[in-house]
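For reference, the structure is listed below as structure tokens.
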Amino acid sequence: MSSYSRTLRANPRTMGVREAIRILPWPVTILVIALAMPTETSIHAGSLRLSPYRIILIFTLIPSLVRLFSNRAGAPHMVDYLMIGHCAWVQLAFVINEGAGQGLESGGIYIVESLGAYLVGRCWVRSRKEFEAFCRVVFYMVVAMLLFTIPESLTGYHFIREAFRTVLGGAGLPYIEPRLGLARAFGSFDHPILYGTFCATTLAATYYVVCAARVGVKQLFTMSAVGLATFLSLSSGAFVAMGIQMLLVGWDRFTRGIANRWMILGGLFATAWILLSFLSNRSPIKVFISYMTFSAHSAYNRILIWQFGTREVERHPFFGIGFADWQRPDWMHSSSMDNFWLVTAVRYGLPALILLLAVIFVTMRRLGKIRNADESLRRYRAAWIICILGIGIAGITVHFWNSLFGLFMFLLGTGVWMMNAPSSARHLSRR
């Protein structure tokens, strides 16, 4: 290893916010900022609501596709075709369920939000520096928003949303019951659960990238900012996303040097699942849902959603029901379905769900097969995998909509570059 490499590992230089913004390609920078813009900044074109991030994705979709298929972002991978297949199936499901006119409009917006966001991450985050810069920019955004969400939680006044509503107009925010004597912070998002999940997704990246997988006073203070921001949402789904990441980070840290440690963890999880299946009178998924909520009422409601939602999937397994109302008892007045994966299957059919899950599985499998990865690439790989696992498992109790959905799709694309990342020696020699 060269002296430069040893120095870089021993004394990693902190990348400031200005440098991070300078390094990030412009489509990534403006998309990340737009994803944090409140709904009040949207404009309406007929029946379409065009939020800032949707407008950006409309203009970046074609350039991103050209960049992908001209090999300027590396040769297309299987995961790219899986994502395109997922979006194509959703478009077909919309046309079948809603007719050609409305179906093409609904499917088109879905393609913009999903494939468009994925391609920005896939085509414009292509190196170690760009990935680090992205992680740091998002962390700085979480910290900056704390300046508003701390007083928001203490006073109940939604500073960011109300400021934009005063200037641009818009409907008032819904009243949400306080928890633990605190108001639930919205930040700039449509619901506290979206704000909390957004903040929680940065935990693994903060540990592995911003803190370089070190634990000291400065690093603990840095990570506590993410924990505080997530806590202010007082949302169980956000806590699940953060808790899963903490468990995986802890396992990674304390089992280092143990052979096949991730297979051991998978075996432990499978054993727990089997034991729950035999020892409980409920399915493991219902046990998980019941314990990952703040109240018995919320747990009961989520179990009912799972029960009647899966029946809807059984009735319409291939193309789903689109935006039609799903069948449930009359006394279940709310049509809200707090389960991203179940919503995907209900609306667009099981093939759409399987293709989306395949995007995650294939990417993780290929990243896991990387051999001779250097220290920084191992950290970045762990950051991406643990982040996706955290938000993915949280999706069992949370539905991703609006900007959080765009963020999730964007995150899926930001890990693909690592499949063909150069080794440390080749990376340094090129520099």
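Things worth noting here:
- Applying the criterion of being touching a residue at least 40 places away in the same chain (Cβ under 8 Å) and hydroxyl-bearing (Ser, Thr, Tyr) to the residues of the range 223-240, the residue that is farthest from Phe288 (Cα to Cα) is Ser233.
- Out of Ser224, Ser233, sole residue that is modelled with pLDDT of 95 or more and surrounded by fewer than 16 Cβ atoms within 10 Å (Cβ to Cβ): Ser224
- Segments classed as helices (runs of 4 or more DSSP H), wholly inside the range 124-239, with at least 1 members that are farther than 28 Å from His44 by Cα: 128-155, 192-200, 217-233
- Taking the range 322-379 as the range and being surrounded by fewer than 16 Cβ atoms within 10 Å (Cβ to Cβ), under 20 Å from Ile393 (Cα atoms) and among the small types (Gly, Ala, Ser) as the test, the residues that pass are Ser336, Gly368.
- Residue in the range 57-65 that is under 18 Å from the mean Cα position of the chain (by Cα) and in contact (Cβ under 8 Å) with a residue 24 or more places away in the chain present: yes
- Cross-chain or 6+ apart pairs with Cβ under 6 Å, the range 100-126 first and polar (S, T, N, Q), then crowded, with 21+ Cβ neighbours inside 10 Å: Ser106/Phe94; Ser114/Cys87; Ser114/Met409
- Helices (runs of 4 or more DSSP H) wholly inside the range 329-400 containing at least 2 residues that are at negative phi and among the aromatic types (Phe, Trp, Tyr): 340-348, 375-394
- For the range 77-91, the criterion of being of a type in the set (Asp, Glu), buried (at least 19 other Cβ atoms within 10 Å of the Cβ), in a helix (DSSP H, G or I) and touching a residue at least 12 places away in the same chain (Cβ under 8 Å) is met by at least one residue.
- Condition check for Arg179: surrounded by 15 or more Cβ atoms within 10 Å (Cβ to Cβ), touching a Leu at 6+ places or on another chain (Cβ under 6 Å) and more than 28 Å from Val17 (Cα to Cα): yes
The values are calculated or read from the model by the stated rules, or taken from the named source; none is laboratory data. Predicted model, so just to flag it, every value in this text is computed and none were measured. Don't worry about glycine lacking a Cβ; one is built from the backbone with ideal geometry, like all the others, and counts go over all protein chains shown.
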